[in-house]
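A.B. asks: Please see the structure below; I have some questions.
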Amino acid sequence: MIPDELVELCKKRMEPYPCEGFVYGRGPVNPTLMVVGEAPGETEIHNGIPFSGRAGKVLNECLEYLGVSREDVYFTSSVRSRPYKKVGHKNRAPTMKEQIAHAPILDYEMEHIKPKQLVTLGNIGLQRLLGKKYTISKVHGQLLHSPIRRLMSLDTNEWVTSKEEYAIFPTFHPASIFYNRTLLKKMYSDLDILKKILAEK
Ligand code: URA
């Protein structure tokens, strides 16, 4: 659904950076939820399915808890290639330059998928859409209504805010619980709030 020219352009924009593979967003138009993650990992770049690795298993459990089927969710992320460390080839968080390189894809999805409810996972997805003044530790579990950031044009690093307001629910990235188990409880408290929000829609 994303035009091939846009994908090719964004792949080219990413060439200077240590990132590999390319994973398309996946899901229906007008989804119940649109999940905005960080970047795919090794599993995803091999099978092309977003959130199909270890973090995806945790996310599937979250969706089950919410009573939302994977078919009703559009899965995307700030960056569509896997950023890796030059030494050791391990996963790492995408840099701002990498997020800018792939920004036109997420901008396109926001415009065409028309999500009723966004769920950002971790700081990367949250700050990509709302800027650095938002941090996950402060706003997780809160329903925010706000315009979102989109790239002003292809030849700048400047963001502009969308005309439309979006409903945004930030929570932790499912992978973060591998490093900090105490976040799991907080994440499930957030899901209880999200469950009520979805029930009222
Ligand atoms: N994290 C993401 O943001 N996307 C994936 O596909 C997997 C992990």
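A.B. asks: What percent do you get for the relative contact order of the chain when only Cα pairs under 8 Å and 6+ apart count?
C.D. replies: 23
A.B. asks: What part of the accessible area of the range 4-200, given as a whole %, is carbon or sulfur when the probe is 1.4 angstrom?
C.D. replies: 53
A.B. asks: Let me see the P(r) profile for the chain: every Cα-Cα distance counted, bins of 5 Å, each bin given as a percent of all pairs.
C.D. replies: Reading the bins upward from 0: 1, 8, 16, 22, 22, 17, 9, 4, 1, 0.
A.B. asks: Same structure, new question: Taking the Cα centroid of the range 146-201 and of the range 1-66, what is the distance between the two, rounded to the nearest whole Å?
C.D. replies: Spelled out, the Cα-based centre of one part sits 15 Å from the other.
A.B. asks: Mind checking which of GLY21, TYR84, GLY67 is farthest towards the positive end of the range 4-200's charge dipole, using Cβ charges of +1 (Lys, Arg) and -1 (Asp, Glu) about the Cα centre?
C.D. replies: Highest projection toward the positive end goes to TYR84.
A.B. asks: Here is a further query. Which longest uninterrupted range of the chain lacks any GluC sites (Glu not before Pro) assigned by DSSP to a loop state (not H, G, I, E or B) and surrounded by at most 16 other Cβ atoms within 10 Å?
C.D. replies: After excluding every exposed loop site, the longest remaining stretch is 1-157.
A.B. asks: Report the paramagnetic label zone for TYR24: residues of the range 40-78 whose backbone N is under 12 Å from a point 7 Å from Cα along the Cα-to-Cβ axis.
C.D. replies: 48-50
A.B. asks: Another question, if that's okay. Helix-derived [θ] at 222 nm for the chain: sum -39500 (n - 2.57) over DSSP H runs of at least 4, divide by residue count, nearest 500?
C.D. replies: Rounded to the nearest 500, the figure is -12500 deg cm²/dmol.
A.B. asks: Further, regarding this structure: Residue-wise, which Karplus ³J(HN,Hα) couplings in Hz belong to the range 13-24, taking 6.51 cos²θ - 1.76 cosθ + 1.60, θ = phi - 60°, and x for glycine or proline?
C.D. replies: Whole-Hz 3J(HN,Hα) from phi for the range 13-24: 4, 8, 3, x, 10, x, 9, 10, x, 7, 10, 6.
A.B. asks: Also, I was wondering about something else. Can you tell me the dipole magnitude for the chain around its Cα centre, using point charges on the Cβ only (Lys, Arg +1; Asp, Glu -1), in Debye to the nearest 20?
C.D. replies: Once rounded to the nearest 20, the dipole reads 780 debye.
A.B. asks: Rounded, prolate or oblate: which fits the range 94-201, taking a ≥ b ≥ c as square roots of the Cα gyration tensor eigenvalues, rounded meaning a/c under 1.5, else prolate when a/b beats b/c?
C.D. replies: oblate
A.B. asks: Tell me, what is the per residue accessible area of the range 4-200 in Å², probe radius 1.4 Å?
C.D. replies: Value returned for the range 4-200: 50 Å² of accessible area per residue.
A.B. asks: Around ASN91, what is the net charge, scoring Lys/Arg as +1 and Asp/Glu as -1 over all other residues with Cβ under 12 Å from its Cβ?
C.D. replies: Surrounding charge for ASN91 is +1.
The values are calculated or read from the model by the stated rules, or taken from the named source; none is laboratory data. This is a predicted model, so every value here is computed, not measured. Virtual Cβ from ideal backbone geometry, glycine too; neighbours counted across all protein chains shown. SASA here: full protein model, heavy atoms, side chains in, ligands and nucleic acids out. Shrake-Rupley method; radii C 1.70, N 1.55, O 1.52, S 1.80 Å.
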